[in-house]
Structures are given as structure tokens and as C-alpha cells.
Amino acid sequence: MSIILDISQVDMEFATPSGSFVALRNVDLKISKGEFVSLIGHSGCGKSTVLNIVAGLLQATKGGVILNGREIHQPGPDRAVVFQNHSLLPWLTAYENVELAVKQVLGSRMNSKEIREWVEHNLHLVQMDHAAHKLPNEISGGMKQRVGIARALAMQPQILLMDEPFGALDALTRAHMQDSLMVIQNELKNTVIMITHDVDEAVLLSDRIVMMTNGPGATVGEILEVNLERPRDRLALVNDPGYTGLRAQVLRFLYEKQRKVEPIHSAAQKKPGSKKRSAA
Amino acid sequence: MSTLISLTDRMLGYPGFAARCKALLHTLLQEVAVPLFGICCFLMVWSLAARHIQTSLGTFPGPAAVMEQAQNLVVEYKEEKQKAADFYTRQAERTAEKLAADPNYVVKVRSYTGKATFPQQIVTSLVTVLSGFAVALVLALPIGIAIGLNQTMNSMFNPLIQIFKPVSPLAWLPLVTLVVSAVYTSEDPAFSKSFINSMLTVALCSLWPMVINTAVGVASIPQDWVNVSRVLRLSWFNHVRKIVLPAAVPMIFTGMRLSLGVAWMVLIAAEMLAQNPGLGKFVWDEFQNGSSNSLGRIMVAVLTIGLIGFLLDRTMLQLQRWLSWDKASASR
């Protein structure tokens, strides 16, 4: 498989009133075409920062990201982002939200009929045709996230970046969304980077799980290959020894090797990590 | 009471009917009866207090006297309308006679120049306030967007806005009057100077809430929406048109409602001094007139001004409900 994305020795520092804060140190990661990679780690470890650097929304202090042989300097539709809280524009319907992206990205190559068909195709892909003309605040959280995914897919990105796409959803909706995503992924074979802090989600969806160490100065800790056969069925996997073994490895990394040492009383206070998250 | 309700329920064979009637009754009481009671109390206190206030123009008018003056104003309006109609019939008759005597007669139509009636003054006031408001809106939107988008612009303009915002219309008016007299010199002016003066004063005073609210609305767009725009690589113009403006619409409407309220308040004062033939001039003329009816007529004007101000605000709110995507911000 050819390397499509090369994150090369990336450092990220943020200027804070009390001096500079090193969020990432020497992050190195290569991603092949068509690969589904999960980034997992404790909250505040810089997962979102990595994603935002790849998206071009943040500029790395040192090192760089190369996509298809070109260094990334700014955001673009070739790296479509599915935002954590859907980020649909509330004054546009589901259809119009996707249409805005399609017109902007592919408008020069498509006529109005093709645009309409492409928008409808992508809404159909995420099973949202029935609510295409509803406003975001008229549909549920899961449906909004579906539209967010449709908007990202419609841009025909080289790589799809998902920032905790199902983090805000309830467990049942989340499971349903994961299944839908697997079906879509099976069809489109996109290259995906997904941030998650759900161990099951990571094992179920990924080809590789990148486990990050705790910040400050977070970096790639271990990388786990997930060699489970596709298509994967969450019920069949529950008792699969391969699945449970992988799951145990991730858990061991997170709770033994990278145990978050955090006294209870300070847990509610703002950590430098949480500040960084909001800046990202 | 509860036995009565269950009894009616059983009688109607339709459970929930009585409960619904009760809810309706409660709504009627809360939305109609209680406000009416409030108004009645006010009328009583007004009526009692008015009897004890002696002015140089006689006793302060109570509700009855004001009602009488309101009727007088309607009568005067009808009389004036009749006079105008008569004037035009007479003119038409004379023209016809002259044309009969001399076929080459050039027809001259003179318009009726009677004194402005109360409804005409209301219309003048509304036209003036809406023109002033429109001028303010056209100026405020671009300024507000520019300030909201750019921190440097904000730092540059913010002190100026804070200084000009609290200035009273009465302070602006002499300046506006003199400048308009010097600049607006046309042989055949389309608008009277008093109209221009009042309108510009209204615009100057109602500009600020819209500028501030637009700027705040634009500056407080969620970062996520800005990121969407960046990922899509929207051009600056499309970013403003497709993301910034719609996102700021709820705040822009809030500013517009505040501004329209300010505009209507300012207008009355401006019309008094500028002698624009609207409600402000009506109040001023009645004050100068000093007849025994004047206080009652001023009171009619006061109530009319209040009512129109209320209606303007409601209209704006309704407009916001129709046009803004954020229905929650238009609930009150």
C-alpha cells in the first residue's frame, strides 16, 4: 500500500501567559491509502491537536505533514473534517449544508443537475434522504452527525478526518452510527483518521490503533495492528479471542502504561490540556 | 370543584374535556382578564389623581376628557377631509366653466393647503422614523460587520462609538439643522428641510445599538463554523455572505429592535424642535396653543405615541420570527 499521508516529526507548542506549553513532541506517523486509523489517548493528550495540524487548522511549530507528496500549509477540502459537534450551519437544511460544500468544492466541475444528484447520493449514503429538507435543530444528534459525515464525504476528500464523531451521542445511537460507518467505509474505502476515546469503537472500526502518551509533550506510544476480518460484526466479535485480546492491549496501554495520575480534587480544575483542546 | 369536573366528564363521556376547558379558562384569565384589570386600575388612579391637579389651563384631563378630545380629533379629521373634497369639486367646476367659455384655457390644478390633521401627522411621523431607521440600518450593517470581523477596526472604532452613543438628539439637532441648511440647497427640494433634519437626527441616534449588536454578533461566531468555512476555502466575500451574515442575523435583529425603539423616542423630540409636521410638532403646537383642550389633546398624542411604539416593536419581533433562523432569540 502506498503512503498517502506522512506526519513527520511534528512538535506543537502553544504560547500561554505562563510561558510556552509543549503539547506534542516528535509525532511521527505514516498512513497508507485506504487505511482506517484511530488515535486514542486520555483526554488532553493532544489527539485533536494532531488532527487539526493534519487539517491545516493549526500550524505545527516544528516538522510537517505531507499529503500525496505535498506539504500542508492551510485547510482544504482534500482533508474534510467531521467535527465533534457536527458544526452544521443552523440556518441551512441538511440538504443545503451538503450543497454548500458540493457547490464550493465541485461546483466548477458539475452542472446543477449533477450537483443535486451528488448531494442526494451522499445524503442517501448516510440514510438521511427522508430528512434532507429539515433544519439541524429539527433532527436528532445522531442524524446531525450523519449529515456532517455526508458533507465531508461529498467533498471527495483524499483523507477523512473525524474528531470524536460519535462522542456526543448516546451508546445505542453510537453503535448504530459505527455500523453505518463500517458499511460506508466498506464501499468507499476512504483513508480515515478518527479520534476517539472509546476502546471498543477503536478496535471495531480501525485497521490500526495509534495510542498516544499523556501530555505535555505527547507523542505516539504504541501502534496496534487490528487484523480482524472485515466485514466485522459487533455481536460476533464479543466473544472473539482476537477482539478481546486487542481490546485488552489497548486498555493495558491506557490504564497501566499511561495511567493518568490526577488527584481527584484537581480533576475539576482547568488543566493546560483542556485549554489546549479549546484552542484546537 | 373536582366532583363537578368528574361529573361533567361522565356526562360528556369525553374524559379530558373538562380539564381542557379549565386550561382554556386559566389562559383567558391570565392573558385577558388580568391585563384588563391592570388597565382599569390605572384608569381609576389617573382619574382620581387628575381631579386634584390644577394647571394654568384648568384641571388635568382625566380619561373621560381625553376620550372626548380623541373624538374631537376624529371629527376634525373628517371635517378637514370634507373641506378638501369640497375644494376639489369647486376647482373642477370652475375649470369646466372656464373650458366651456374658452377651449384654449390651460388647466391649472392647485392642491389643497389645509392644516395637517392628526392622522396625517401620525403618517408623517411614521415616514420620518422609518426613513431615519433605514438610513441608520444601511450605515450600521457594514460598519458593524467590519468592526466584528477585525480586532484592529474594533479597537479603532469602539471609543468613538462609546462616546457618540449616549449623545441626546437635542444636542445633535442644532448641528444637523445648520449643516443641512448649508448643504441641502435645492431650488425645488424633494423633501422639506424639517423632514431631513428630523430624519438625520433619528438616524444619528439609532445607529449605535445596531452597530454594536451587529459587531458582537459577527465577533461571536462559533469557531467551528469558521473552521467549516476554512476547510471549504470560502473566499472572503462568500465567507461573509454565507457564514458571517446569517450567523449574526439573530443579534442584528436584536440591535434593530433596540434601534427602532430609540428612533421612535428620539423622533418626537426631533420633530418638536425641527418643526417637522408630525406628532412631535402636534404636541409642541398644543403646548404653545394653551387652550383648555390642549392638555387633553397632548394626552391623546402621548397615548398614541406609546401605542405606535409598542406596535413598531411587535412588528419588528414578528419580522424577526419570520426571518431569523434562531427562533429562541425571538421568543420575547
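What do you reckon, is B:A215 away from chain A (no Cβ under 14 Å), part of a helix (DSSP H, G or I) and more than 16 Å from B:F133 (Cα to Cα)?
yes
A quick yes/no check of all residues on (1) farther than 26 Å from A:G44 by Cα; (2) among the charged types (D, E, K, R):
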| position | (1), (2) |
| --- | --- |
| A:F166 | no, no |
| A:S206 | no, no |
| A:L224 | no, no |
| A:L228 | yes, no |
| A:P231 | yes, no |
| A:R234 | yes, yes |
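Kindly state which helices (runs of 4 or more DSSP H) lie completely within the range A:65-174 and contain at least 1 residues that are surrounded by fewer than 19 Cβ atoms within 10 Å (Cβ to Cβ) and within 13 Å of chain B (Cβ to nearest Cβ).
Details: elements: A:94-106, A:112-125, A:141-154.
Passing ranges, in order: A:94-106.
Within the range A:216-232, does at least one residue satisfy the condition of being touching a Leu at 6+ places or on another chain (Cβ under 7 Å) and either assigned to a helix (DSSP H, G or I) or of a type in the set (D, E) (or both)?
No: the range A:216-232 contains no residue that is touching a Leu at 6+ places or on another chain (Cβ under 7 Å) and either assigned to a helix (DSSP H, G or I) or of a type in the set (D, E) (or both).
Can we say B:I298 is assigned by TED's automatic domain parsing to the domain that holds B:S194 and under 16 Å from the mean Cα position of the chain (by Cα)?
Judged against the criteria, B:I298 is not a match.
B:F87 is checked against (1) in contact (Cβ under 8 Å) with a residue 12 or more places away in the chain; (2) within 20 Å of B:L258 (Cα to Cα) and fails just one. What number does that condition carry?
Of the numbered conditions (1) in contact (Cβ under 8 Å) with a residue 12 or more places away in the chain; (2) within 20 Å of B:L258 (Cα to Cα), the odd one out for B:F87 is (2).
When the range B:125-138 is examined, which residues are found to be surrounded by fewer than 23 Cβ atoms within 10 Å (Cβ to Cβ) and within 26 Å of B:Y77 (Cβ to Cβ)?
B:L126, B:V127, B:L130, B:S131, listed by residue number.
Among all residue pairs at least 6 apart or on different chains, which show Cβ distances below 7 Å where the first residue, located in the range A:79-102, is free of Cβ contacts under 8 Å to residues at least 40 places away in the same chain and under 17 Å from A:D129 (Cα atoms) and the second is among the β-branched types (V, I, T) and surrounded by 23 or more Cβ atoms within 10 Å (Cβ to Cβ)?
Once the first residue is free of Cβ contacts under 8 Å to residues at least 40 places away in the same chain and under 17 Å from A:D129 (Cα atoms) and sits in the range A:79-102, its partners that are among the β-branched types (V, I, T) and surrounded by 23 or more Cβ atoms within 10 Å (Cβ to Cβ) give A:Y95/A:V119; A:E99/A:V119.
State yes or no: is B:L273 modelled with pLDDT under 90, under 28 Å from B:V176 (Cβ atoms), in a helix (DSSP H, G or I) and not hydroxyl-bearing (S, T, Y)?
Answer is yes for this residue.
Search the range A:41-64 for residues that are more than 14 Å from every other protein chain (Cβ to nearest Cβ) and pair each with any residue that is assigned to a helix (DSSP H, G or I) and basic (K, R) when their beta-carbon atoms are under 6 Å apart and the residues are at least 6 apart or on different chains.
A:G41/A:K47
Check the range A:81-98 and report whether any residue there is of a type in the set (V, I, T) and either more than 30 Å from B:S329 (Cβ to Cβ) or touching an Asp or Glu at 6+ places or on another chain (Cβ under 6 Å) (or both).
No.
Scan the range B:187-212 for residues that are small (G, A, S) and either closer than 16 Å to B:V135 by Cα or surrounded by fewer than 21 Cβ atoms within 10 Å (Cβ to Cβ) (or both) and jot them down.
Within the range B:187-212, B:A190, B:S192, B:S198, B:A203, B:S206 meet the criteria.
Residues of the range A:1-33 being among the β-branched types (V, I, T) and either more than 20 Å from the chain's Cα centre (by Cα) or farther than 20 Å from A:S48 by Cβ (or both), which ones?
Passing the criteria: A:I3, A:I4, A:T16, A:V22.
What are the residue pairs meeting all of these: first residue in the range B:242-271, first residue more than 14 Å from chain A (Cβ to nearest Cβ), second residue assigned to a helix (DSSP H, G or I) and of a type in the set (D, E), Cβ atoms under 9 Å, and 6 or more apart or on different chains?
As it stands, the answer is B:R257/B:D313; B:L260/B:D313; B:G261/B:D313; B:W264/B:D313, since those pairs meet every condition given.
The values are calculated or read from the model by the stated rules, or taken from the named source; none is laboratory data. Values in this document were obtained by computation on a predicted structure and should not be read as measured data. Cβ sites come from the backbone with ideal geometry, for glycine too, and all protein chains shown count toward neighbours.
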